[in-house]
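Worksheet for the structure shown next.
Every number in this text was worked out from the coordinates using simple rules, so none of it is lab data. All figures in this text were calculated on a predicted structure; none of them were measured in a lab. Because the Cβ atoms are built from the backbone with ideal geometry, glycine has one as well, and the counts that use them run over all protein chains shown.
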Amino acid sequence: ALVIKVKDAATAEAIKAQSPDIRNRILLLLSGKRASEISTVAGKEKLSEEIMAEVKKPLSPESVQQQVVAVFYGAFVIQ
């Protein structure tokens, strides 16, 4: 499970409204990772930064960057 901490309620609502697109961005990012890249603490921290960068991207050409504060792992399974 992944928890995304945002700056305000407006950002949370925007992310919730676009959750299929954001989920797709994250899944594409994860599908390109090898187990060896994310099995260490440093690898997981780098992945958190990459996920945050994906979620921060504007949700449409007219929108602004999302105000994401942090990404937390509730569970982490490497298969």
Lysine pairs with alpha-carbon atoms under 16 Å apart, the chain, spacing 8 or more or separate chains: 11
Neighbour cut-off at most 13 other Cβ (10 Å), DSSP loop, trypsin sites (Lys or Arg not before Pro), the stretch 19-57: R34
Over the stretch 35-79: Rg over Rh, Cα atoms, Kirkwood Rh: 1.08
For the chain, convex hull of alpha carbons as volume per residue, Å³: 89
Relative contact order, percent, the chain [alpha-carbon distance under 8 Å, six or more residues apart]: 51
Mean residue ellipticity (222 nm) of the chain, computed from DSSP H runs ≥ 4 via -39,500 (n - 2.57), nearest 500: -16000 deg cm²/dmol
